Amino acid sequence: MFLTNLLPDLGLMPLRAIAFQTMLLMLATSLEAMVLRQRLRLGYQTSIRYSASMNLLATTLGWFTFLTLERLLPVELRQQVISYILFNRFYPNGWSDRLPVVMVVTAIGAFFLTYWVKLQGLRSLMVLLGLQPSPATASGDRQGRYRAARNQTASSQPSLTLAVLQANALSFTAMLLVLLIRLVA
Amino acid sequence: MIKWLRQTVTELYTLLLPPQYFSWQMVLYLSVFSWGMSLLGRLLGASAFTVGLLASGGWIFLALGLGWGIQANQIKPFGLNLAPWVVGAVLCMFVFGTWGGGWLQPALVSWPLVSFGVAAVPHLVSWDLHWKTPSPAVRQQLVLLFLLSLLLSTWLQFYFRLQAWVEAYPSLVADRLDQSNFVYPIPGQAVPLPAGIAHLTQAEALVRSQLEGQPWPSVERWLLNQEGQRQALQTQLRNRPSPAPEDRLWDLDLGVSNQGDGYQLNLWAVWTGPAATEGSYYLEKSCQLRPIPQPISPESVDQAVAALPPTLWASFTCNLETPRRPGHPSTAAHANP
């Protein structure tokens with residue numbers, strides 16, 4: 001009896017969003033862990049931990065961006081966002097013609113932003129775990145810092161950049177495929 | 001049987017009265033004592049500061065005692081360490097609950113983060129209150145835990161954003177939500193009615209006040225000015241005493257057709273906002289306008305007047321139901337004239 005009273009009070013719950021997000025996060029984490037393991041020669045557990053941290057960071061920042069932007073958008077665009085979230089379709093209003101462009105630009109922007117966030121996240125994580133002494137603390141003087149930065153650029157940085165780019169591309173492709181399958185099915 | 005009973009009593013005794021004074025039960029008792037004292041203080045009319053201090057002590061001892069107790073008894077469902085979450089919940093209730101008003105939202109949204117803080121503090125601060133650096137493995141674990149609690153917090157924020165949308169656009173929930181990738185309507189719940197029904201009732205009252213009991217010729221004149229009446233309905237909708245953001249998405253319209261010796265007046269509430277189906281929907285209220293002879297009151301019976309053809313007056317009746325139809329009334333009118 002308590003439950004039947006409670007459910008209507010709770011209102012709309014984003015249960016599907018939580019289920020989908022959990023699934024997509026696991027998918028992306030495992031795929032990116034594979035890429036990181038091959039490219040950076042890491043262990044199984046380490047690569048999974050790195051990839052999970054990267055993806056969780058990108059997801060939470062994405063949510064924060066969405067929640068903030070949703071407040072700032074013009075009312076008509078907000079209504080389109082609501083329409084997409086509640087009914088999985090857009091409805092005809094003043095923004096209908098521009099929506100495909102907005103969607104494509106948002107998707108491309110999201111790809112590069114997540115890539116940047118993941119790269120920075122992974123670098124900070126490695127610094128935090130003490131794997132790569134950050135250039136500033138390694139040596140005080142300007143010359144040493146320059147050398148350290150140069151060494152880093154020469155040895156580990158390009159492979160890290162490329163690995164994260166490849167991992168991000170792979171997980172985005174996989175998620176796009178899942179969304180397409182969901183659209184068709 | 002007696003042996004089992006005695007054993008249970010002994011266990012209960014040690015649970016309620018632990019052998020050491022430095023134990024979680026004692027902290028819980030302190031909490032209860034603090035509560036009792038604050039209640040006593042309130043009854044005796046102590047200052048608000050004293051009562052608040054004692055109550056705060058009660059909350060803090062409750063959080064400490066619960067966390068200690070759960071940790072000490074190794075209550076770990078599904079391998080999950082429950083203690084930080086319970087302590088975080090108690091702390092959030094304490095901090096935000098004293099605010100009053102809409103405290104539930106900030107309390108729930110910050111709950112995962114506070115719980116993370118509770119879980120992280122033992123790793124970051126030593127017993128003599130100095131910072132300490134945990135090992136890299138612990139650091140990695142803390143990073144993951146922090147990000148997970150952030151994600152939980154954003155999910156809760158999204159939940160509250162959904163409630164804000166429903167509050168601003170209540171008619172959205174009256175539609176089918178099963179296509180959504182985000183929300184899941186729990187089956188078996190009562191689906192609310194769209195606000196358009198209330199708008200139609202208001203429109204009916206407005207039309208009734210203008211038509212009922214009026215002479216038939218003036219009614220026909222009223223009907224001629226259809227565009228003007230439409231605008232009057234819209235103005236009434238826009239100037240509602242308690243406007244909602246979704247009012248702008250409702251369009252009121254009316255259509256007139258001949259029916260017998262009177263007219264059929266259809267009032268429409270057209271939804272122009274987000275909808276589950278292509279081409280949206282509208283609600284229809286059918287009303288009948290009939291000419292009726294003037295009711296003759298016995299005092300004013302006059303032979304001369306009675307000989308004249310009776311003056312016709314309008315009677316206005318509306319159907320109670322407001323069927324929901326797909327599309328737009330202008331296109332539907334062509335389909336079935």
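The values are calculated or read from the model by the stated rules, or taken from the named source; none is laboratory data. This one's a predicted model, so the numbers in the text were calculated from it and none came from an experiment. Heads up, the Cβs are rebuilt from the backbone with ideal geometry, glycines too, and the neighbour counts pull from every protein chain shown.
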query = Of these, B:Gln210, B:Gln163, which one is polar (S, T, N, Q) and closer than 27 Å to B:Gln105 by Cβ?
reply = B:Gln163
request  = Please verify whether the stretch B:149-167 includes one or more residues that are closer than 30 Å to A:Leu125 by Cα, more than 21 Å from the chain's Cα centre (by Cα) and not in a helix (DSSP H, G or I).
outcome  = no
request  = Kindly indicate whether any position in the stretch B:207-217 is hydrophobic (A, V, I, L, M, F, W, C), over 24 Å from A:Phe20 (Cα atoms), touching a helix residue (DSSP H, G or I) at 6+ places or on another chain (Cβ under 9 Å) and part of a helix (DSSP H, G or I).
outcome  = yes
ask   = Has the stretch B:247-255 got at least one residue that is in contact with a helix residue (DSSP H, G or I) (Cβ under 6 Å, 6 or more places away or on another chain), within 14 Å of chain A (Cβ to nearest Cβ) and either part of a strand (DSSP E or B) or closer than 14 Å to B:Phe316 by Cα (or both)?
value = yes
request  = Tell me, yes or no, whether the stretch A:58-78 has at least one residue that is part of a helix (DSSP H, G or I), closer than 30 Å to A:Leu128 by Cβ, facing another protein chain (nearest Cβ under 8 Å) and polar (S, T, N, Q).
outcome  = yes
task = Can you tell me which residue within the stretch B:155-172, out of those that are among the aliphatic types (A, V, I, L, M), over 10 Å from A:Pro14 (Cβ atoms) and facing chain A (nearest Cβ under 7 Å), is surrounded by the fewest Cβ atoms within 10 Å (Cβ to Cβ)?
result = B:Val166
query = Can you name the condition, by its number, that B:Leu129 falls short on among (1) loosely packed, with under 13 Cβ neighbours inside 10 Å; (2) in contact with a Ser or Thr (Cβ under 8 Å, 6 or more places away or on another chain)?
reply = (2)
Lone qualifier among B:Glu220, B:Glu227, B:Glu204 - being away from chain A (no Cβ under 14 Å), part of a helix (DSSP H, G or I), crowded, with 16+ Cβ neighbours inside 10 Å and of a type in the set (D, E, K, R) = B:Glu204
ask   = Which ones in the stretch A:115-125 are closer than 15 Å to A:Trp63 by Cβ and more than 14 Å from chain B (Cβ to nearest Cβ)?
value = none
request  = Considering each of B:Gln236, B:Gln259, B:Gln214 in turn, give the residue that is surrounded by 13 or more Cβ atoms within 10 Å (Cβ to Cβ), under 31 Å from the mean Cα position of the chain (by Cα) and either without any contact (Cβ under 8 Å) to a residue 60 or more places away in the chain or assigned by TED's automatic domain parsing to the domain that holds B:Cys287 (or both).
outcome  = B:Gln236
task = Could you pull out the residue among A:Ala33, A:Ala52 that is at pLDDT 90 or above and more than 8 Å from every other protein chain (Cβ to nearest Cβ)?
result = A:Ala33
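Results for (1) among the hydrophobic types (A, V, I, L, M, F, W, C); (2) surrounded by 13 or more Cβ atoms within 10 Å (Cβ to Cβ); (3) within 29 Å of A:Ala167 (Cβ to Cβ); (4) in contact with a Ser or Thr (Cβ under 8 Å, 6 or more places away or on another chain), shown as yes or no for each residue.
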| position | (1), (2), (3), (4) |
| --- | --- |
| A:Pro8 | no, no, no, no |
| A:Leu24 | yes, yes, yes, no |
| A:Met34 | yes, yes, yes, yes |
| A:Arg41 | no, no, yes, no |
| A:Gln45 | no, no, yes, no |
| A:Arg49 | no, yes, yes, no |
| A:Asn55 | no, yes, yes, yes |
| A:Leu73 | yes, yes, no, no |
| A:Val81 | yes, yes, yes, no |
Unique residue being modelled with pLDDT under 85 and within 30 Å of B:Arg161 (Cβ to Cβ) when the list is B:Trp35, B:Trp111, B:Trp99, B:Trp127 = B:Trp99
ask   = Just to be sure, is B:Ala244 surrounded by 12 or more Cβ atoms within 10 Å (Cβ to Cβ), assigned by TED's automatic domain parsing to the domain that holds B:Tyr282 and in contact (Cβ under 8 Å) with a residue 60 or more places away in the chain?
value = yes
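Among A:Ala52, A:Ala19, which is the only one that is among the aliphatic types (A, V, I, L, M) and in contact (Cβ under 8 Å) with a residue 12 or more places away in the chain?
Only one candidate qualifies: A:Ala52.
Go through the stretch A:79-103 and give me each residue that's facing another protein chain (nearest Cβ under 10 Å) and hydrophobic (A, V, I, L, M, F, W, C).
A:Val81, A:Ile82, A:Ile85, A:Leu86, A:Phe87, A:Phe90
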task = Please determine, by comparing only the residues of the stretch B:96-126 that are surrounded by 13 or more Cβ atoms within 10 Å (Cβ to Cβ) and either among the aromatic types (Phe, Trp, Tyr) or not assigned by TED's automatic domain parsing to the domain that holds B:Ala83 (or both), which one is nearest to the chain's Cα centre (by Cα).
result = B:Trp103
message = Any residue at all in the stretch A:8-23 that's under 17 Å from A:Val117 (Cβ atoms) and modelled with pLDDT under 95?
response = yes
request  = Inspect all residues belonging to the stretch B:150-168 and state whether any of them is of a type in the set (D, E, K, R) and over 26 Å from B:Ala244 (Cα atoms).
outcome  = no
query = In the list B:Leu39, B:Leu12, which residue meets the criterion of being among the hydrophobic types (A, V, I, L, M, F, W, C), assigned by TED's automatic domain parsing to the domain that holds B:Asn73 and surrounded by 13 or more Cβ atoms within 10 Å (Cβ to Cβ)?
reply = B:Leu39
request  = Taking the options B:Val87, B:Val138, B:Val143, name whichever one is away from chain A (no Cβ under 11 Å) and more than 23 Å from A:Leu15 (Cα to Cα).
outcome  = B:Val87
